[in-house]
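Q: The following block contains the structure, expressed as structure tokens.
The values are calculated or read from the model by the stated rules, or taken from the named source; none is laboratory data. Because the structure is a prediction, the values reported are computed rather than measured. In this analysis, Cβ positions are derived from the backbone assuming ideal geometry, glycine residues included, and neighbour counts consider all displayed protein chains. Only protein heavy atoms, including side chains, enter the accessible area calculation; ligands, DNA and RNA are left aside. Shrake-Rupley method; radii C 1.70, N 1.55, O 1.52, S 1.80 Å.
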Amino acid sequence: MTRDLASIAAELDNARATATSVAQLATDLTLDNAYAIQARNLRSRVAAGERYIGPKLGFTSKSKMEQMGVSDVIVGFLTAEMEHRADQPLELEGLIHPRIEPELVFRLGQTVEVRADDTSESLSRRIRESVDAVAVGMEVIDSRYRDFKFSLSDVVADNTSAAQFIVGQWQDFPRELRGLPVEFLINGETVESSTTDAILGDPFVAFDQLATMTLRYGFELPAGAPILAGAMTAAHWLESGQRVKVRVERFPALSVAVA
Ligand code: OOG
Ligand code: MG
């Protein structure tokens, strides 16, 4: 039986709010309907007082696609309330089965509006020209589905597992971001290493993906928006007492303690 989008949206939002996992959705949910569910939950969270600040990309790296068995780039939303400050301990309460992953974050220096004659090339170019800073980041993902398992449409409907994110110190936007070594450490031990090329072969290709998805699904790109470009390694389970750190060459390291 096909369920209406409003009831699926309400079930997922309730799962998030109560930190209780739910069953995966029916397999006949289309990707367009999954994005419609995501948009409904953004609207209801904004109506409840949260503030939309920017988009996040997911599955832009092979390591993430392989870890989760999903191979298409996805986009979710970030609200101001989801941002966590690195100098505060990360609280696991209110989360179901959180994981953490190392990200690059771009910042939009000005609002990017979609124009009627935009192609993904022209929009990608304006996004890139509007980015004024980049930082190392981390994302806490927390699938609302049982056992952290999902299909592509499931994870899109669930706002791409987004839960919290941390942004390190903003750096001037460089001409080039390829080839920088990345290390992900838990309790001082390197658990993953990679390079910035993990993101689509070149982190700047994230702008093309964001442009294509924005033309299709209408994400807002307001001034000041952080844009998560996607994890550069597989994600790791968060456990209380851990210290998690990301090192990307040429950037200040970013670390956070788990309460
Ligand atoms: C979906 C979110 C993927 C990324 O950076 O690749 C993502 C998930 O893995 O649960 O945020
Ligand atoms: Mg991510």
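Q: Pick from VAL46, VAL75, VAL114: which is touching a strand residue (DSSP E or B) at 6+ places or on another chain (Cβ under 7 Å), away from ligand 2 (no atom under 15 Å from the Cβ), at pLDDT 95 or above and among the hydrophobic types (A, V, I, L, M, F, W, C)? It would help to see each step written out before you state the result.
A: Working: VAL75 fails: away from ligand 2 (no atom under 15 Å from the Cβ); VAL114 fails: touching a strand residue (DSSP E or B) at 6+ places or on another chain (Cβ under 7 Å).
Result of the check over VAL46, VAL75, VAL114: VAL46.
Q: What number of residues within region 175-200 are part of a loop (DSSP other than H, G, I, E, B), of a type outside the set (Val, Ile, Thr) and open to solvent by less than 30 Å² (accessible area, probe 1.4 Å)? Break it down into steps so the answer makes sense when it comes.
A: Of all residues in region 175-200, those part of a loop (DSSP other than H, G, I, E, B) come to 175-180, 187-188, 199-200.
Right, trim to of a type outside the set (Val, Ile, Thr) and you get 175-180, 187-188, 200.
With open to solvent by less than 30 Å² (accessible area, probe 1.4 Å) added as a condition, the list becomes 177, 180.
Total satisfying the criteria: 2.
Q: Can I ask one more? Filter region 201-249 down to the residues that are in contact with a strand residue (DSSP E or B) (Cβ under 8 Å, 6 or more places away or on another chain), open to solvent by 50 Å² or more (accessible area, probe 1.4 Å) and away from ligand 2 (no atom under 16 Å from the Cβ) and list them by number.
A: TYR217, GLU220, ALA223, GLU239, SER240, GLY241, ARG243, LYS245, ARG247, GLU249
Q: Give just the number: which of (1) under 13 Å from VAL155 (Cα atoms); (2) out of contact with any helix residue (DSSP H, G or I) (no Cβ under 9 Å at 6 or more places or on another chain) does ASP32 not satisfy?
A: Exception for ASP32: condition (2).
Q: Here are GLN209, GLN169: which of them is in contact (Cβ under 8 Å) with a residue 40 or more places away in the chain and either in contact with a Lys or Arg (Cβ under 8 Å, 6 or more places away or on another chain) or more than 29 Å from ASN41 (Cβ to Cβ) (or both)?
A: Details: GLN209 fails: either in contact with a Lys or Arg (Cβ under 8 Å, 6 or more places away or on another chain) or more than 29 Å from ASN41 (Cβ to Cβ) (or both).
Only one candidate passes the filter, namely GLN169.
Q: Which numbered condition trips up SER122, out of (1) hydroxyl-bearing (Ser, Thr, Tyr); (2) more than 19 Å from the chain's Cα centre (by Cα); (3) surrounded by 22 or more Cβ atoms within 10 Å (Cβ to Cβ)?
A: (3)
Q: Moving on to the next point. For region 32-79, give me each residue that is in a helix (DSSP H, G or I), open to solvent by less than 30 Å² (accessible area, probe 1.4 Å), over 16 Å from GLY218 (Cβ atoms) and more than 9 Å from ligand 1 (Cβ to nearest atom).
A: Hit for region 32-79 is ARG45, nothing else.
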